[in-house]
Amino acid sequence: MTETARGHIDKTSLEPDLEALLAGDEKAFELLVAQESPRLFRIIHRILGDEEESKNILQETFLQAFQRMHTFRRESKFTTWLYAIGINLARGSLRKSKRMTSLDDADVERLQPSFSKGMFVESPQSWDPLKLAERTDRHKFLHQAIDKLPEDYKAIVILRDIEEHSTEEVAKMLNITGGAVRVRLHRARVALRTMLNTHFQYQSQSSK
Amino acid sequence: MKALIMAKTLLGMAPNCKKVTSFLAEYVEGTLPEKLRQQFDQHIGMCKCCGPYFEQYRATIGMIKEGKEVAIPSELVEHTMSFLRKNADFKH
Ligand SMILES: [Zn+2]
């Protein structure tokens, strides 16, 4: 594909033109929107699960970025800063619209295994490969479980395990330490494992 | 061999279940120091609890990574740009 006129070539890892963005240049923003919308939309959509609202949040994200360009300190990648705005807006929207009750930190704690003298109090039982093999069920159970996570845990699972951003990037996006990202990611995975456990154990589902 | 590992675990020279489970993220990521990783391998290989637990931890991550697609609305960029043209004070 050829870029039109103006003589600049389309590089794959285009760094946004900060000077042009700071100057409020429309073309520079258009390029930024074209480059970053898909990935940012995916993250927002995964947090919210609603397409219309995700579109609105995406627009609002770029508008806020435009209005707050002068506050960008260049201590992180520009896209990290941009994503942080989007994630914050998405989490705010999620908090407002939350109909289903989600878990809180104490619930996440209860979903961690208990130990006595370093040994499991309850031995984990194997999962039934037949139940695991049902792709549709698997998806359904997993996403129900992810939706129940407290929103900061949920955001970390999405950013680290699904979108595969680095711990450091995620720490900057969420304005927490790398250590906190690591700990919460692990606790979130363990909580998910426990929630899935009821579905995948042998001879579970005594009731419908 | 098993008895030896058990004895070491009891004496606190080898990791116990609690320690193994709390460092699974590092274990999966491959960031554990070599010696510790070997101890984890041994423990997970023989422990009736940590064996299935680790399998399930890994399966959970696998499932999380599985669901990757979100459909991107085709008019997304145009949509956003027309919103910005209306609301942002662009310089030309
Ligand atoms: Zn064990």
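The table below gives the values:
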quantity	calculated
Top-ranked residue of the range B:45-55 - restricted to ones that are more than 8 Å from chain A (Cβ to nearest Cβ) and more than 7 Å from the ligand (Cβ to nearest atom), ranked as surrounded by the most Cβ atoms within 10 Å (Cβ to Cβ)	B:F54
Test: residue in the range B:59-76 that is modelled with pLDDT of 95 or more and within 16 Å of the ligand (Cβ to nearest atom)	no
Subset of the range A:108-137 that is at pLDDT 95 or above and more than 13 Å from every other protein chain (Cβ to nearest Cβ) - its residue that is least open to solvent (accessible area, probe 1.4 Å)	A:V108
Sole exception among (1) touching a Leu at 6+ places or on another chain (Cβ under 7 Å); (2) open to solvent by less than 20 Å² (accessible area, probe 1.4 Å); (3) not in a loop (DSSP other than H, G, I, E, B) for A:H165, by number	(3)
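The values are calculated or read from the model by the stated rules, or taken from the named source; none is laboratory data. Bear in mind that the values here come from a model prediction, so they are computed numbers and not experimental data. Counting neighbours? That spans all protein chains shown, and the Cβs are built from the backbone with ideal geometry, glycine included. Keep in mind that these areas ignore ligands, DNA and RNA; they rest on the heavy atoms of the full protein, side chains included. Shrake-Rupley method; radii C 1.70, N 1.55, O 1.52, S 1.80 Å.
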